[in-house]
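The block underneath contains the structure these notes are about, expressed in structure tokens.
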Amino acid sequence: MTTVFAPPLVEASEPTKRARRGFTGVAILLGLVGFLVSVAGSWQPSYWGDEAASVLSAQRPLPSLFRMLGNVDAVHGVYYLLLHGWIDVFGASEFATRLPSALSIGAATAGTAVLARMLVNVRVAVIAALVFTVLPRVTYMGAEARSTALATMIAVWCTVLLVHVVRSRPTTATRDLSLWAGYAVLLGAGMAVFVYTALLVPVHGLLVALLTRRSRRATAAAWTCGVAAAVALASPIIFWGLTQREQIFFLARRPQASALDAAVQQWFGTPPLAALAWLLITVGCLAAFIPRFQGPGEGARHERAPRAELLILLAWLVVPSATLLIGTHLITPMYAYRYLSVCAPAAAILVAVGIAGLRPFWARATTLLLVVALAAPGYLAQRSDFAKDYGSDWRQSADILRVEARPRDAVVFDESTRPSRRPRLAMHLYPAAFVGLNDITREDTFENTDGLWDSTIPLEAAAFRLAGTDRVWFLQNIGSRETTAGTGLAVLREAGFSIASSRTINRTILIELTR
């Protein structure tokens, strides 16, 4: 076993510049692999509650969307606006709305390769991109109509730009200013798309302190101005997010994650893959920092091994996670596994450092294949029909109604579970299946409200709307209060209906009642 680090170059020679240009093609190819892995099967799982929030919000007319953002979900407003334009062009199918995330993962894969090459070497760069491509957290967000994939792409390329700026020699004032302005715009865009991207600021501060080859004082001042400009750009989102912080109070109702839970679930998904990943990260760190883990003569040859770069990657992995975990336990709930998706590039590079340190070649190849093999079951599960939110089955329920329901039939939805799990969302996500059906409990559609969802009235108050109806379709959530109490069925029975058929899709019970 030996270290994989090579000393950083003080200045780019002509051969080095040609090598960088040559690596561009490799990075693009790796990005294409990342895109294909994420996009494959992305259309298979049914939508779930968070994606419903994205799709329904993006389908609102702009005045309605802005009105809603003033009341709820402002932190996702930029993403909703981008998705609004995307849906206008490509439609609102699962494939169409998840495609931007797969494209973002492709770009993030290329960015991870470029960053790993800048910080370590080409071998680590290629391995890191391949590891990043198959990490369960990455393949999940690559098939999700949410903002985390886009934020991760911005985070990694923002870091690439910062490394380039602090390592390059000062040139003209105009060019330097444009580079820092680009960094500020990227960082601000990352915060606007996903506000927890701000957790990278202390990591970037460490990067500036350890890698700067210019005047440290001038670079630190320029970076501070860049961060201030980024915060200013994202300040409307940050402000509205703080005023709507009660949105994440639902985290208090969940069991609080421990450090061990985070170590497994944040990026790696399963204990076997997490154990292997952390072993490889440990191996890479030991090889870099402890001479006895280096091969004979390696210590002398790599006397200037870039341990600073390794510290930056470790900080990227640990600092955001520790901040949210400590804040959750000491202040208020603020932690969820997906919130740390922006740290996935650091995880991939650190795992790649451990793999690249193995000798001989077959050991590296076998270990990389083992990472892929351990990630494969989770990947296949993510592309199954009921992969989202522990079994969301709205599309499958809608498919049955599309075939069996008839115009003028009534439809009733279980309203007793939390809004993001209510079967009524299927009606907006798969509207073709509900054409001609009478939604008797809806008071106003979501586009006309200041919230995310439709406003409804109790079934008891809407029973009079069943006059002239001979058949009702009742969509009920398994395990909801409605299922145990049966109040909705009781109201329908009182209105003269009886159960003709009942079938369980996955977590939805579809009940047909006739008069």
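A few remarks follow.
- In the chain, the longest principal axis of the Cα atoms and the axis of helix 394-404 are about 40 degrees apart.
- Using a simple spin-label model with pseudo-atoms 7 Å out from Cα toward Cβ, Arg515 and Asp88 lie 4.4 nm apart.
- Counting other Cβ atoms within 10 Å as a rough exposure proxy, the listed residues Trp43, Trp316 run Trp43, Trp316 from fewest neighbours to most.
- Overall form of the chain per C-alpha gyration tensor (a/c, 1.5; a/b vs b/c): prolate
- Among beta bridges that DSSP assigns inside the chain, antiparallel share in %, nearest 5: 70
- Residues of the range 191-231 with an amide N closer than 14 Å to a point placed 7 Å from the Cα of Thr323 along the Cα-to-Cβ direction: 191-192, 194-207, 227-228, 231.
- Rounded if a/c under 1.5, otherwise prolate or oblate - the range 391-441, Cα gyration tensor axes: oblate
- With Cα atoms, 0 to 90° folded angle of helix 344-356 axis to the chain main axis: 50
- Taking Phe268, Phe66, Phe446 and counting other C-beta atoms within 10 Å, the order from fewest to most: Phe66, Phe446, Phe268
- Given their separation in residues at 0.36 nm each and the Cα-Cα distance between them, Ser501 and Leu62 gain 153.9 nm when the chain is fully extended.
- Relative contact order of the range 387-436: 48 percent, from C-alpha pairs under 8 Å at least 6 residues apart in sequence.
- As a rough guide to protection, the peptides 29-39, 270-280 ranked by mean Cβ packing within 10 Å, highest first, stand as 29-39, 270-280.
- Compactness of the range 393-514, taken as the C-alpha radius of gyration over 2.2 N^0.38 Å, stands at 0.96.
- Helical contribution to [θ] at 222 nm, DSSP H n ≥ 4, -39,500 (n - 2.57), averaged over the chain, rounded to 500: -19000 deg cm²/dmol
- Relative to the longest principal axis of the Cα atoms of the chain, the long axis of helix 173-193 lies at roughly 30 degrees.
- Alpha-carbon centroid distance for the pair the range 276-290 / the range 177-225, whole angstrom: 28
- Loop-located chymotrypsin sites (Phe, Trp or Tyr not before Pro) in the range 358-438 (DSSP state other than H, G, I, E, B) with a sparse environment of at most 16 neighbouring Cβ atoms within 10 Å are absent.
- Label positions at Asn448 and Ala432, each projected 7 Å from the Cα along the C-beta direction, are separated by 2.7 nm.
- Prolate/oblate/rounded label for the range 125-276 (Cα gyration tensor, a/c 1.5): oblate
- At 1.002 mPa s and 20 °C, Stokes D of the range 152-238 from Kirkwood alpha-carbon radius, µm² per second: 168
- With at most 14 other Cβ atoms within 10 Å, longest stretch of the chain clear of loop GluC sites (Glu not before Pro) (DSSP): 12-302
- Measuring r between the beta carbons of Ile457 and Ser178 and using R0 = 56 Å, the FRET efficiency lands at 0.45.
- Mean Cα-pair separation over length for the range 393-514, i.e. relative contact order, pairs under 8 Å, 6 or more apart, %: 29
- The chain - percent relative contact order, Cα under 8 Å, separation 6 or more: 20
Each reported figure results from applying straightforward, stated rules to the coordinates on display, with no laboratory input. The model shown is predicted, which means the values in this text are computed figures rather than measured ones. No Cβ is skipped: glycine too gets one built from the backbone with ideal geometry, and neighbour counts run over all protein chains shown.
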